[in-house]
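Here the structure is laid out as structure tokens; the discussion comes afterwards.
The values are calculated or read from the model by the stated rules, or taken from the named source; none is laboratory data. Since the structure is predicted, the reported quantities are computational estimates derived from the model, not experimental observations. Quick reminder, even Gly has a Cβ in these numbers, built from the backbone with ideal geometry, and neighbours come from all protein chains shown.
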Amino acid sequence: MGCQAILAAGVVLSFVAASGNEGKAARPVEPRSVRLGESFSLRVGEAARVEDAEVTVTFQEVSSDSRCPKDVNCIQAGEALVLLALDSEAGRSAVLEFAVPPDGESPASSFEALRVAIVELHPQKESTKPIDPSTYVARVRVSPSSPEAVARTRSRWPISVEASAVRSRASTTSSSAKRLAVSP
């Protein structure tokens, strides 16, 4: 019995040493920075910090995928349900679920003064092979929901977003758009 315990301990120790971690936890990957209003790709488990929005977006998982395989003609298109976690620097957080069609964009959801949408999800399903859940890649877009929401919740946004908001709203609400353009 004593020899077996020593042998088992030796096997465990050699496995830990061979793994390279030597019992240490893996260091978390720092989220990369992306621009507000531009689409970006995330793999399952990856995170991105949206510049000037003070929000980090994490691709948690695809909870189900009933999209019609690309090599099959289906009566219904189906959808993939994708979970994104959003965390603001102000301490607010939410997990949003998106229904992504096979070849299209999900409806947008709101978080604070932002609109969040999944532009596309890859890989597409095929009838002959299952999808490994770790291979999903979501193309995400985070943009301001409206100039008014931006003015209420943020003190600093990119000039290009302010300028486009001013141009698009100038004919209908010129006084509020001008205040938005000159606010610090």
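Here are a few things to note about the model shown:
- Top-ranked residue in region 73-92 [being in a strand (DSSP E or B) and within 18 Å of Val62 (Cβ to Cβ); ranked as farthest from the chain's Cα centre (by Cα)]: Ala80
So that you can scan it fast, the table gives a plain yes or no per residue for (1) surrounded by 12 or more Cβ atoms within 10 Å (Cβ to Cβ); (2) at pLDDT below 75; (3) under 30 Å from Ser63 (Cβ atoms):
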{"residue": "Pro101", "(1), (2), (3)": "yes, no, yes"}
{"residue": "Ala113", "(1), (2), (3)": "yes, no, yes"}
{"residue": "Gln124", "(1), (2), (3)": "yes, no, yes"}
{"residue": "Val140", "(1), (2), (3)": "yes, no, yes"}
{"residue": "Pro147", "(1), (2), (3)": "yes, yes, no"}
{"residue": "Ser160", "(1), (2), (3)": "no, yes, no"}
{"residue": "Ala165", "(1), (2), (3)": "yes, yes, no"}
{"residue": "Leu180", "(1), (2), (3)": "yes, yes, no"}
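- Counting the residues of region 38-65 that are part of a loop (DSSP other than H, G, I, E, B), of a type in the set (Asp, Glu) and more than 10 Å from the chain's Cα centre (by Cα) gives 4.
- If the condition is being in contact (Cβ under 8 Å) with a residue 24 or more places away in the chain and farther than 15 Å from Pro144 by Cα, then region 48-65 contributes Ala48, Thr58, Phe59, Gln60, Glu61, Val62, Ser63, Asp65.
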